[in-house]
Structures are given as structure tokens and as C-alpha cells.
1. Using amide H atoms built in the peptide plane, which far-off residues or other-chain residues are under 5 Å from residue B:235 H to H?
2. What does the C-alpha gyration tensor say about the overall shape of chain B? Classify as rounded when a/c is under 1.5, otherwise prolate if a/b is larger than b/c, or oblate.
3. Could you sort A:218, A:58 by their accessible area in this structure, using a 1.4 Å probe and putting the largest first?
4. So which aspartates and glutamates can residue A:246 reach, going by Cα to Cα under 20 Å and dropping same-chain residues fewer than 8 places off?
5. Please check segment B:335-368 for residues whose accessible area, probe 1.4 Å, is lower by 10 Å² or more when all protein chains are in place than in their chain alone.
6. Give me, ordered by chain and number, the residues 5 or more places off residue A:67 or on other chains with an amide H under 5 Å from its own placed amide H.
7. Ordering A:179, B:382 from largest to smallest accessible area (1.4 angstrom probe), what's the sequence?
8. Please grab the % of Cα pairs in segment B:25-282 that end up more than 25 Å from each other.
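The values are calculated or read from the model by the stated rules, or taken from the named source; none is laboratory data. These numbers come from a predicted model, not from an experiment. Note that we place each Cβ from the backbone using ideal geometry, even for glycine, and neighbour counts take in every protein chain shown. To get the accessible areas, we keep the full protein, side chains included, count just its heavy atoms, and leave off ligands, DNA and RNA. Shrake-Rupley method; radii C 1.70, N 1.55, O 1.52, S 1.80 Å.
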Amino acid sequence: MKKTIFSLVASALVFASVPVFAGGGAVLEPPQHPWSFEGVTGKFDKQQLQRGFQVYKEVCSTCHALSKIAFRNLSDLGYSEDELKALAGQYKVIDGPNDAGDMFERPARPSDIIPGPFANEKAARAANGGAYPLDLSLIAKARHDGSNYVRALLMGYENAPHDMKMPDGMYYNKYFAGHQIAMPSPFSDGAVDYQDNSPETVQQYATDVAAFLTWAAEPKLETRKALGLRVMTFLLSLTVLLYLYKRKVWKDVKGH
Amino acid sequence: MASTVYNPNTKGWKEWLDHRLPVFTFMDHELNKYPTPKNLNYWWNFGSLAGITLVIMIMTGLFLAMHYTSSTTLAFNSVERIMRDVNGGWLIRYVHANGASMFFMVVYIHIFRGLYFGSYKPPREVLWALGVVIFLLMMATAFMGYVLPWGQMSFWGATVITNLFSAIPVIGDTIVTWLWGGFSVDNPTLTRFFALHFLMPFLIVGVVILHIVALHRFGSNNPLGIDIKEKKDTIPFHPYYTIKDMYGLGVFLCIWAAFVFYAPNYLGHPDNYTPANPMVTPAHIVPEWYFLPFYAILRAVDFNIPLGFYTIEAKLGGVIAMFGSILVLFALPWLDKHPVRSARFRPYYKWIYWTWIIAFVTLGQTGALLPDQPFYFIFFGHEVSFGIKTITVAQISTFWYFFVFLGVMPILSKIEPVKALPYSISNPVLTAKEGK
Ligand code: HEM
């Protein structure tokens, strides 16, 4: 009886929340990649995150900002404090006003947000033929099946089918809704020089940067899953004990 | 079950206080000795689960409010700060966000339990009505809470729902402007929604207290739907139902925690991780899953209703149907006058009940689809479709939703046979025509 009740509850929840896609224009489901951070004990692969950050820094950051991430946050990726200071030092930020009332430029510090490529949305659009290269901080959560989607999108560039006329500045991508995206294919094989022995292929770049963007969207993922394991173990044991105690208390109640 | 008699002359501080303010006598009476039918099944766990969920929501909400900023320029980022920089902020937010879904799941089951076992029937009409008031307050609270993170779905959901009031003839537009505090959903709207979202859970607490007072007047109904006849029928609430409720709570918290730690965004919409943008309409505006059945009823009325002297526009018709679908619950005790409470002993209603549940769940699914697309649902991983348009399915289900209440129940009250009922809870020998 209990079992049926609670499996009912669970299945009702699942049923009620089946994600539904708007009709019109079949949406191509992205291929499923076996991520290291999936599953109950999932963890980020720091080496991969560092490669992903490298791809972001060398490629994506010419168009996309990452406004929720400060240099100090990158310590999650395994960088030391000195490395982060050095990294931040490569960027300039506007600070001020100083005592004379003037704004001034200074090297970034680890506590600064990673500066984006454009001053504002208008500037970003002007440089991209009217399209907006959105902030990538949350992209992995802002799309359905985000990690796989970002990875697929970056690998999804193809020649447009013959019957499809592509407007100027538009590129055919099989995973983008409507298939016409204003972002050119951002890299080709060998575009980024990895320090480790990972293959320098589009597929590897796409996978690494998608992993990095997943971390950027959900930096507490590892903490969450680790704590989850302890909380679930506790709750499940507590529930079993409560069940046994309940049985004991109710033992002598007849006809319930 | 230590039965305590308080003697005002003894020295203890408890007795001293109790003599002046009988809190302990009250608690002893309502929580300890309170006689409860001994045959309550697990469906009776959901009331206490709802109460505990309410407390958890208020506690997590309070901590979120300490870090949240209700200005359109800062709201989205303040939520991200909670997720990234506030100690344990991600946990508090995920507990609260998933808690809303858990709360509705629990309360839906709680309501459906009442519908099946006839808990709305005399003498519990007021108890039931207070429940419906709680449900309405919960919906308002959840709606406004969803607006606060100021993502795309927050903004567009708020726009769609507040716009509904413009369907009211003559004064509609004025009302909408008044609700918004301006000419679109904007900063004043967000700020007042925050204030109201903070307030309303405490109103719910107030109504829950009344709900419990009304409950304790006649005590719980039970799966047999018959009144308590003899002392043997009841057991004291403590320890029997305290431990049973605790066990249920354990199971419930496991489910809740599984969502929080392993699928925290599963029940949410990805679009809400994109900051609100009044210039960009999302491809598909959908409410949270727990509003889908009512959203479907709203959209089901896509035709004008000519009354001869006045034509109800489709939009107004939808709004009336949506609010009516909840308000009709108030009338239930007077629509269903059949003397037997529990569906177990009602040969027809037993089946009608399940057709109503199916209609309600179907409405939920149609609410998630576009009106013009073919209706389908996922059944054990398979897509099932009959090639019928979603709007048609929604209309049929809406009809059945109302017809069960307004048509079937009054008829059943007259024609459904009154079967033999058990003599008492502890003596389940069937006796003919006991009535209540
Ligand atoms: C915040 C939401 C609510 C809380 C905290 C709450 C709390 C409770 C509690 C603790 C009980 C006693 C335990 C039980 O029988 O399950 C109860 C009983 C009941 N509630 Fe609620 N409730 C809520 C919402 C509702 C709603 C929305 C309805 C109906 C529309 C409702 C209708 C009833 C009825 C009819 C009973 C008596 C059930 C019986 O004795 O068979 N409640 N409620």
C-alpha cells in the first residue's frame, strides 16, 4: 500500500512535468555525452575545465561576456592564487573615481569580474551584424539539456541544404532552433593549443568549453552532490528507523 | 500517552504558566489525547506534510529575503549572488524553489483525498471551504514568488496572468494598470509582488490555524466515511499518529531532497535563467506545472458566448472558467448530497471520481502543449497520440471537470443506491442503510 502511494506520487510528479516542446520545426535532440559531472557522485574534471576556460578565453571571449565569474572563482578549476593574480593582471578594468574625481584604468585583481568584450549590448550588436552574443554565465542552465546542447551547437555547423537560402551573416547549424544562427563556427581543428595531450579537435574543444560553461552556470554542483549523498543517506536511514518504530508502536492496534 | 492532570498549586513553572495561560493543557488536548479514528490510511498523512512544508517554506523564504533585492535592475543578479556567494545560498534557494512544487503535490493529494472519502460533507463543510481558501492563497503566493527572480518566464508569466484582468468589462484596463502600478509589468509590480509574497504565507498560517480548529471540532473523517461510534474506534493522536506522520515526513523529505540535490532545475523552466527582457517574447510561455490544469481551462474557452443580451468574449469566458473551476469547490458540499461519504461505499461515484482525476491530469498535459498541436502524452517512455487537437482535448476535459460537479454529483445524490455500511470502525460488519 505504502509503496503504491509513493510510487504514485513520484510518477505523478514525473508525468506532470514531462518537458514539452513547442510544435513546429522539429527540434533536434543533442547527442548525449557521458560527462564526468553526471550522476549521484559526479565531479568536474579540473583538467577539462582548465582547457574549457582556455577555449573560452582564446575564442569565445572575443564576443561573449561571462559576467557572473570573477577571477577568484577560477580557483575552483585548480589555479593557484598566484596564477590567478597573474591572469587578472593581463586585463584592464576601469575603476574610480579617484580623489581628483577621475575614472582611471588599472590592472584587474582576482576579485574583479572577468571583463567582457563590449561596453554594452548596443556595442555588442553593432559588432555582430545586429545579433547579440549573449552572456554565457548561465547558458548551460538557460537551455534545455544545456551541457549537451552547447557542445552539440558548437559541432553542429554544416552546409545549408540546397533549398534553404541563408541571409548574409547567417550560418547553418543543425542544433539551433530555426537552423539559422548569427554566430560563425567559432573554431576549427587545431585552433587552440592545449598544454596537455588532449586532441586538438573541434569535438574536444566543444566538449571542454561546454564542461567549463556548465561549471560557470552551476559552480556549486560538486558541493551539492557531495552534500546530497550525505543528506540522502541520513534521511533514508532515518526513514527506515521511523518505519520500524511506527510498526512497533502500531503492533497492538487491531483492525486499522 | 502519559495523561497529565495539571495542578495549579504545584511548583513547576509549567504548571504556573499553564494556570495563567493554558498552553500546555491546550497542546495536551489537541496533540496528545486528541482521539483519532484508528483506521486512517496513508492518505491522511498529507495534511501534516502540508503544514510542515509551509513552515519550511517560510523559513527558507525568510533567509532568501535577507539577500534578495526587489528592483528590476538587481533582482536577477541578487538571486545569482545567493546561488554563488551566499553561504549555503544555493541550498536555501533550491529547497525553496522545489518546495513550491512539493507543496502543491502534497496539497493536490490532500484535496483529492478529501474528494474521494467525502471529507467535504457535513459536518466538515467549513473545514473544506477553509481548505479552498488556503489553496487560492497558495496559488497567489506561488505565482508572485515565481516573478521574483525576474527571469524571462517570470516577466512573461506575470504579463500574461495580470493581463487576464483586462478581460473584465469596462473597468478591466484600469484594474490592470492599478495592479501593475504603471503601464506594464515593471519595477513597481516587482516590488509589490515581493511585499505580497512575503505577507501571504503568514495569511496562510492564519487560515491553516482556522482549518485545524474546524478539523478538531468533529475530528478527522476516515476511509470508511462513517462517524465514530464507540471508544474502541479511536486511538490517541500521540504516539500513534505522531509516529506515523513522522514516518511519512521521512519519505517525503527523501523525495524533496532527491530533487534538491540531484535534479534541482528539473521542475523549473530553462528560460528563467535568462534575465527578463520586455523586448523579447519567449517562443512558448508556460506556467509552472502546478498551474497547468487551470491554464488549460483558461485557454479552453476560445469562442465567444452569446447570451442574447450580452456576448461574453472568449477571453473573459476563459477567465470566468478558470476562476470558476476553483470556486466551484466551495459549493461541493451542496452539490453532492449523497448521504454516504466514502467512495468505497458508492458504486457509481467510485468510478466517476477516477474519470474526474483523469480529466484533471489530462488538463495538466494540455496546458503544457500548444492549443493547435496534436495532443500527446508520454506513457512509460512512449509517446501516445490520437491525432486530436490539444484544444479539443482541453475542451472535453474542461467540460467533464465541471460536469462532474454541476451535473453528475447532483444526479448521483438522487439516484445512487445507498449501500450497507460497516457498523463501526472497530466492528466492520455491514449494516443496512446507516446513512451517514
Ligand atoms: C497549507 C495547506 C494546508 C494545510 C497545512 C492543511 C492541513 C491539514 C491538516 C493538518 C489536516 C489533518 C490531517 C489530514 O486529514 O490530512 C487537514 C485536514 C483536512 N484538510 Fe487540509 N490543509 C491544507 C490545505 C487544504 C486544502 C487546499 C483543502 C481543500 C480544498 C483541505 C481540506 C481538508 C479537509 C477536508 C480535511 C479533513 C480531512 C478528513 O478528516 O478527512 N486542506 N488539513
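1. For residue B:235, the qualifying residues are B:36, B:38.
2. Oblate shape, in that a/c is at least 1.5 and b/c is the bigger or equal ratio.
3. Details: A:218 15, A:58 95 Å².
So the residues, ranked largest to smallest area, are A:58, A:218.
4. B:233, B:245
5. At a threshold of 10 Å² (probe 1.4 Å), the residues of segment B:335-368 that become less exposed are B:361, B:365, B:368.
6. Amide H to amide H, under 5 Å and 5 or more residues apart or across chains, residue A:67 pairs with A:136, A:137.
7. Sorted descending by solvent-accessible area, the residues read B:382, A:179.
8. Numbers: 17108 of 33153 pairs.
Everything past 25 Å amounts to 52 percent.
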